[in-house]
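Laboratory data are not the source of any read-out in this text; all were calculated from the coordinates shown. Model, not experiment: these values are computed from the prediction. With ideal geometry, Cβ positions are generated from the backbone for all residues, glycine too; neighbour counts draw on all protein chains shown.
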Amino acid sequence: PAEIFAPRRNSRGWELNDVGELAALDKARAPWRKATWTARAVLTDGLAEGDARKVISPSDPSDIVGTVHEGDAGTAARAAGLAEIWDAPPSERAAALRRAADLYEEAHGEVFALLSREAGKTLPDAVAELREAVDFLRCYADEAERLSGDAPRGVIAAISPWNFPLAIFTGQIAAALAAGNAVIAKPADPTPLIGALGVRLMHRAGVPRSALQFLPGRGRVVGEALTECSRVAGLAFTGSTGTALAIHRRMAEHLDPHALLVAETGGLNAMIVDSTALPEQAVRDAIASAFQSAGQRCSAARILYVQEDVAEDLLKMLKGAMDELSGGDPWDRATDLGPIITETACKHFEDYARRAEAEGRLIHRASSTGSGNHFAPVLIRVAGIADMAEEVFGPVLHVATFPAGGLDAVVDAVNARGFGLTMGLHSRIEAVARRVEARARVGNLYVNRNQIGAIVGSQPFGGEGLSGTGPKAGGPAYLPRFHAPERVQSAE
Ligand code: NAD
């Protein structure tokens, strides 16, 4: 509601249909086409050395984007020991976060180049990502002022994924800082350079080093070490469900029983299309939901349930639309499908598709080609979501059909599988939309549109069940979680 969440303007972004703006944007990112970056731990008392590793672009194995010096358990313990809560008035913290937002926008050429080269993002994806990062900074800056009377928790470890290496990374940090905590920011293993840039800009904006330290390193090394540091008062984690469960177990063993865990995790997201849906729209939205960002979004559609009366025609259109997608270098504006983040993940999808083919379940393979870790999208038949063992985090869309009158059973099957991130529904019957809304246990339901994307402040994002603890990022309940719980007054 407006009275609890301050009205605020989101980032304007960049207009990619404007040729003048596009030309300016190309000019801004051009100097960074061949640049290299270095990331190392940034601690209160200085920079830390570590094992050096080259960061290679997922779209071109000959493109060396930079070098990361990865920390170890000792670096994590040092960071935890040095961390100090940000003891400044909320208005001062808010001002620094707003300055950081401005610096992020000013650095857009470098940001877009790094997002493309290190994380394989197409330009539209990179633009959306920078906007979201900026929106998080300004949103939580406002929240710092709205909730100014509350105390911080202490040291928060922010552990983030590679698929939104700037937006989610920044959002977690900004919320924890806005609430006055100290943050140890751990970027995902494949994307330390973008994280290092974000931290550099936040420091330049006035966030003290003692309140924000940067800790690149392997999840199994520094990530695990952070979940064992007694000084850590909480974790903001976004990543896979399996990692979240492992973290939860370690926290239970090693941290204070009241330590915070905010976990935003994976999903087995369904898109349901009934016989009244507009087929062209359903196909366009299925393509965007399953294959944009090469399917590497937590919100992506993983299973398409189509009412059997319309399935044949719809699948025919879907196959045609898949063959229109062009793979290639994400820097190139004609590219729809960027690379898969690692060669290992790419090989895993190839094996998965091969197994489905051997079992006679491969419905279609798109004709796209591309460099680096390119994977041409596939459609795979399944009986239903109960057959899907795990989240396949790439451009793999499973397809099942349901009979007329079977829609409630589909929603029940999705609920029973236990994940609850996004769901898409295509139907022109309003009562059907209302019924699904009441029945589906998901964080975000999208009706007659694609099911990816969220808008800070107006469309908060987050799941339930195996998909996350809540609260939703970019919503009014998020920041309060980073404050110390109110002390219960004794009756005496
Ligand atoms: P991941 O779980 O492999 O890694 C996430 C982070 O955890 C990384 O920084 C990693 O280094 C760290 N990590 C790994 N093992 C660890 C351990 N044992 N202890 C502590 N930290 C550890 O996930 P990923 O591959 O980086 O990201 C993709 C996943 O993230 C997908 O499952 C996707 O659905 C999910 N995701 C969810 C959301 C959401 O909002 N719900 C958003 C983006 C991504």
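Quick one: which residues, 5 or more positions from residue 337 or on another chain, have an amide H under 5 Å from its amide H? H modelled 1.01 Å from N in the peptide plane, none for Pro or chain starts.
Under 5 Å from the amide H of residue 337 lie the amide H atoms of 326, 327, 328, each far enough along the sequence or on another chain.
State the answer as a single residue: which of 378, 389, 58 lies farthest towards the positive end of the charge dipole of the chain, with beta carbon charges of +1 for Lys and Arg and -1 for Asp and Glu, about the Cα centre.
Looking along the dipole axis, the top candidate is 58.
Which value, in debye to the nearest 20, gives the size of the charge dipole of region 21-159 about its Cα centre, when Lys and Arg are +1 and Asp and Glu are -1 at the Cβ? Walk me through the numbers before you get to the answer.
Values: 17 positive and 25 negative charges, 66 e Å.
Charge dipole of region 21-159: 320 debye, to the nearest 20.
Give the shape of region 1-68 as rounded, prolate or oblate, defined through the alpha-carbon gyration tensor: a ≥ b ≥ c are the square roots of its eigenvalues, a/c under 1.5 means rounded, and otherwise the shape is prolate if a/b is larger than b/c and oblate if not. Spell out each step's value before the answer.
On the way: a/c = 3.00, a/b = 1.29, b/c = 2.32.
Here region 1-68 falls in the oblate category.
Counting only pairs 8 or more residues apart or on different chains, how many lysine pairs in the chain have their Cα atoms under 19 Å apart?
Details: 27/121; 34/54; 34/121; 54/186.
Eligible lysine pairs with Cα atoms under 19 Å apart amount to 4.
Just to confirm a number: summing +1 for Lys and Arg and -1 for Asp and Glu over residues other than residue 406 whose beta-carbon lies under 14 angstrom from that of residue 406, what do you get?
On the way: positive: 435, 439; negative: 274, 308, 309, 408, 412.
Overall, the nearby charge balance is -3.
Semi-axes of the equivalent ellipsoid for the chain, please: Cα gyration tensor eigenvalues, times 5, square-rooted, ordered largest first, whole Å. Intermediate results must be reported in sequence, preceding the final value.
Numbers: eigenvalues 261, 142, 94 Å².
Taking √(5λ) for each Cα gyration eigenvalue gives 36, 27, 22 Å.
Under 11 Å from the Cβ of residue 25, count the other residues' Cβ atoms, weight Lys and Arg +1, Asp and Glu -1, and hand me the total. Please list the in-between numbers first.
Values: positive: 27, 29, 333; negative: 15, 18, 21, 26.
With Lys, Arg at +1 and Asp, Glu at -1, the neighbours total -1.
Is there a quick way to get the dipole size of region 87-167? I mean about its Cα centre, with the Cβ of Lys and Arg at +1 and of Asp and Glu at -1; what is the value in debye to the nearest 20?
Working: 9 positive and 15 negative charges, 26 e Å.
Computed charge dipole of region 87-167: roughly 120 debye.
Using each residue's phi in region 200-213, evaluate 6.51 cos²θ - 1.76 cosθ + 1.60 at θ = phi - 60° and report the 3J(HN,Hα) Karplus result to the nearest Hz, with x for Gly and Pro.
After applying 6.51 cos²θ - 1.76 cosθ + 1.60, I find 4, 5, 5, 4, 4, 6, x, 6, x, 4, 5, 8, 9, 10 Hz.
Taking the Cα centre of each part, how many Å lie between region 77-108 and region 291-331?
A separation of 40 Å, based on Cα centres.
In what sequence do 140, 478, 446 fall when counting other Cβ within 10 Å, fewest first? All intermediate terms of the calculation are to be shown ahead of the outcome.
Values: 140 29, 478 26, 446 23.
With the sparsest Cβ surroundings first, the list reads 446, 478, 140.
Which shape class applies to region 344-492: rounded if a/c is under 1.5, otherwise prolate when a/b exceeds b/c and oblate if not, where a ≥ b ≥ c are the square roots of the Cα gyration tensor eigenvalues? Walk me through the intermediate numbers first.
Working: a/c = 2.22, a/b = 1.58, b/c = 1.40.
Judged from the Cα gyration tensor, region 344-492 comes out prolate (a/c at least 1.5, a/b above b/c).
Please list, in chain and number order, the residues 5+ apart from residue 401 or on another chain whose amide H is under 5 Å from its amide H, with Hs placed from the backbone.
Amide H neighbours of residue 401, under 5 Å, 5+ apart: 306.
Rounded to the nearest 20 Debye, what is the dipole magnitude of the chain about its Cα centre when Lys and Arg each give +1 and Asp and Glu each give -1 at the C-beta? Could you put the intermediate results ahead of the total?
Values: 51 positive and 61 negative charges, 96 e Å.
Charge dipole, the chain, about its Cα centre: 460 debye, nearest 20.
May I ask what percent, to the nearest 5, of DSSP beta bridges between residues of the chain are antiparallel? Please report the intermediate quantities before stating the final value.
Values: 18 of 63 bridges.
So the antiparallel bridges in the chain amount to around 30 percent.
Below 13 angstrom from the Cβ of residue 437, what's the summed charge of the other residues (Lys, Arg +1; Asp, Glu -1)? Can you show the working numbers first?
Working: positive: 434, 435, 439, 441; negative: 408, 430.
Computed value for this residue: +2.
Can you work out the Karplus-derived ³J(HN,Hα) for every residue in region 450-460? Use 6.51 cos²θ - 1.76 cosθ + 1.60 with θ = phi - 60°, whole Hz, and x for glycine or proline.
Once rounded to whole Hz, the list reads 6, 10, 10, x, 8, 10, 3, x, 10, 9, x.
Sort 464, 70 so that the residue with the fewest other Cβ atoms within 10 Å of its own Cβ comes first and the one with the most comes last. Don't skip to the end; give the middle numbers.
On the way: 464 16, 70 22.
Fewest-to-most Cβ neighbours within 10 Å comes out as 464, 70.
Any idea what angle helix 19-29 forms with the longest principal axis of the chain, computed on alpha-carbon atoms, 0 to 90 degrees, nearest 10?
Between the helix axis and the principal axis of the chain, the angle is about 50 degrees.
Fewest first, what order do 251, 317, 202, 271 take by the number of other Cβ atoms within 10 Å?
Working: 251 21, 317 16, 202 28, 271 25.
The most exposed by this proxy come first: 317, 251, 271, 202.
Give a residue-ordered list of calculated ³J(HN,Hα) values for region 106-119 (Karplus: 6.51 cos²θ - 1.76 cosθ + 1.60, θ = phi - 60°; whole Hz; x for Gly, Pro).
So the J values, rounded to whole Hz, are 4, 8, 4, x, 5, 4, 5, 5, 5, 4, 6, 7, 8, 10.
Take every Cα pair under 8 Å in region 241-309 that's 6+ residues apart, average their separations, divide by the length, and report that relative contact order as a whole percent.
Values: 52 pairs, mean separation 26.0, N = 69.
Relative contact order, region 241-309: 38 percent.
I need the shape label for region 166-241. Rule: rounded when a/c is under 1.5, else prolate if a/b > b/c, else oblate, with a, b, c from the alpha carbon gyration tensor. Spell out each step's value before the answer.
Values: a/c = 1.61, a/b = 1.20, b/c = 1.34.
Note, shape of region 166-241 comes out oblate.
Please work out the C-alpha center-to-center distance from region 430-450 to region 50-68 and express it in whole Å.
When both Cα centres are located, 42 Å separates them.
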